[in-house]
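Worksheet: one structure, shown below.
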Amino acid sequence: MKIGEILRSGTFSVSFEFFPPKTEEGERELFETIRNLEHISPTFVSVTYGAGGSTRDRTKRVVEKIHRETNLTVMAHLTCIAHSKQEILNILEEYRNIGIENILALRGDMPKNLEPPADACKYAYELVMLIRENFKEAFSIGVASYPEGHPESPNMEWEIRYFKKKVSAGADFSITQMFFVNEYYYRFVELCQKEGVYIPIIPGIMPITNFKQVSKFASMCGATIPDELIKKLEPYADNQEETTKIGVEFAIRQCEDLLENGVPGLHFYTLNKSKATIQIYEAIKDRIEALRKVEL
Ligand code: FAD
């Protein structure tokens, strides 16, 4: 099913993001996680892609396996920066042939030791255009958004200008970078609307289960972790159980506030684990079930 159509029907979306594991054991664990999350009936799940093309085969294999062996709608992430246009078209053709209908169109970050092919799409909006030109409506296209601004954006005006370019090129919806301060998300949506951009922007939620790891991710992508949360987490930096408890509690409050403010869905960065996401979902389940009443 196409995610854009699901969102346009007004259905509240719940989604989970996974990465393609490197080992057979990792893949077995991922499919256990997927089975654990299946009872929530997510609107869709998504599988990330290595910008250097390093996970090309693994991403496709996991996407195909989810599509074949479960009833879940799956979206393949695809980064364009390290691929020639023909390589991108081949990947998309393969996806279309196996019945994949949803692509998260991304630029990715060029690995330091590689040179981009001469005709590579340099920004995600070019990838969106390439998909629409060659595949018309065969895919529903999602794009990334950055409520606190992408690290390469000097200001929010710049951020919105280039986000709008992806939407004008044909993106149906967006998923945000993780954030921990909802006001950034609300301000971003407001700025988009002022510029006439109304596609659904789904907040990306990162349940904190490992403080050092999330601090590293957050500083890389410029996501602010509020001081009061850092103060709570720091004393337990080496205590995963306590960190998860605090992280889950924080994410529940964050999601409750987002739900009260009418978000179109919630996208969880699962890091291939189900426990924290299930705990968060269970706590907000009643509100979400009420919002998901539109039958597909
Ligand atoms: P773009 O939208 O092309 O733009 C990034 C920035 O470049 C813009 O914010 C703007 O500052 C600038 N810019 C854009 N267009 C122009 C222009 N025409 N001229 C000048 N400047 C411009 N990475 C992966 O490698 N694999 C994944 O699977 C993956 N999944 C992701 C999922 C989500 C939900 C998010 C939010 C990010 C994901 N990323 C992934 C990370 C992403 O690839 C990086 O953030 C990357 O740096 C930017 O990709 P983009 O598609 O947002 O780029």
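Working from label points 7 Å from Cα in the Cα-to-Cβ sense, the residue 261 to residue 228 distance is 1.5 nm.
Modelled spin labels at residue 118 and residue 221, positioned 7 Å past Cα toward Cβ, are 3.5 nm from each other.
In summary, the aspartates and glutamates within cross-link reach of residue 85, defined as a Cα separation below 15 angstrom excluding same-chain residues under 8 places away, comprise 93, 94, 115, 119, 126, 133.
Close amide H contacts of residue 176 (hydrogens built in the peptide plane, cut-off under 5 Å, sequence separation of 5 or more or a different chain): 145, 202, 204. Sorting 80, 192, 121 from the fewest to the most surrounding beta carbons within 10 angstrom yields 192, 121, 80. Think of it as helices only: each DSSP H run of n ≥ 4 in the chain is worth -39500 (n - 2.57), and spread over all residues that comes to -15500 deg cm²/dmol at 222 nm. Taken as Cα centroids, segment 227-254 and segment 41-88 sit 31 Å apart, rounded to the nearest whole angstrom. Between residue 152 and residue 25, the C-beta separation translates, for a Förster distance of 35 Å, into a calculated FRET efficiency of about 0.45.
Between residue 239 and residue 282, the simple label model (points 7 Å from Cα in the Cβ direction) yields a spacing of 2.1 nm. Here the chain was treated as a single set of alpha-carbon atoms; its pair distances binned every 5 Å from 0 give 1, 5, 12, 16, 19, 18, 15, 9, 3, 1, 0 percent. State the answer as a single residue: which of 222, 75, 135 lies farthest towards the positive end of the charge dipole of segment 3-295, with beta carbon charges of +1 for Lys and Arg and -1 for Asp and Glu, about the Cα centre. The one lying farthest along the dipole's positive direction is 135. Summary value for the chain: 20 percent relative contact order, contacts being C-alpha pairs under 8 angstrom separated by 6+ residues.
Every number here is computed from the coordinates shown, using simple stated rules; none is lab data. On a predicted model such as this, the values are computed, not experimentally measured, just so you know. Virtual Cβ from ideal backbone geometry, glycine too; neighbours counted across all protein chains shown.
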